[in-house]
1. Per Stokes-Einstein, at 10 °C and 1.306 mPa s, what whole-number D in µm² s⁻¹ belongs to the range 39-91, with the Kirkwood radius over Cα pairs as the hydrodynamic radius?
2. Whenever you get a sec, compute what percent of the accessible area on the range 53-171 sits on carbon and sulfur atoms (1.4 Å probe).
3. Too long at a 27 Å Cα-Cα cut-off: which of Lys42/Lys136; Lys114/Lys154; Lys42/Lys112; Lys64/Lys148?
4. Taking all pairs of different Cα atoms in the range 58-132, averaging 1/r and flipping that mean, what Kirkwood radius in angstroms comes out?
5. Counting only heavy atoms of protein chains, what accessible area per residue, in Å², does the range 36-174 have with a probe of 1.4 Å?
6. Could you list the GluC sites (Glu not before Pro) in the range 92-169 that lie in coil according to DSSP, counting only those with at most 16 other Cβ atoms within 10 Å of their Cβ?
Amino acid sequence: MAAVLRRGAAGLLSRLQTCAPTVQTLSSSKSFSQNIPSCLWKLGRLNHVAIAVPDLEKAQSLYKDVLGAQVSETVALPEHGVYTVFVELGNTKLELLHPLGEKSPIASFLQKNKTGGMHHICIEVDDIKAAMTELKEKKIRILSEEPKIGAHGKPVIFLHPKDCHGVLVELEQA
């Protein structure tokens, strides 16, 4: 799974944000700056990798009892149709997802992937509204018209996986 994430992340991040900061080039005789237009928003850190699981208690036990990770309590998010549990990893988190209701997007994911699997990645952004505007201009489909409040109590949007090299990407306001 790590190899898949690394391969997908390189192309995905470059496609999500093609703007770059100021670049300085140094030579032995002089230095100069070349200004490249900057975006109105910036990608931040990887917030979490979400994993759909058919048995939430069993998955919690794996990370807590077998691997020794700090695992949160289960939280129901009816507006997203999921139960969530976060596993703290130090540099990021795993989000364990389990269906809540029959219309849950996780229920349909698990129908296709009986044993579960990686569902999405979540990347923080400093301005979700500016990100939405620019991504729409770049023909990246957003799966909702407006941000919804996510598991961390912050606005989130999801980008269509067909526009992101097969990866469902969640952007979360930092």
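The values are calculated or read from the model by the stated rules, or taken from the named source; none is laboratory data. Fair warning: this is a prediction, and the values are worked out from it, not measured in the lab. In this analysis, Cβ positions are derived from the backbone assuming ideal geometry, glycine residues included, and neighbour counts consider all displayed protein chains. Heads up: the accessible areas ignore ligands, DNA and RNA and are worked out on the full protein's heavy atoms, side chains in. Shrake-Rupley method; radii C 1.70, N 1.55, O 1.52, S 1.80 Å.
1. 123 µm²/s
2. The computed percentage sits at 52.
3. Over 27 Å apart, Cα to Cα: Lys114/Lys154; Lys42/Lys112; Lys64/Lys148.
4. One decimal place: 13.9 Å for the Kirkwood radius.
5. 54 Å²
6. Glu102, Glu145
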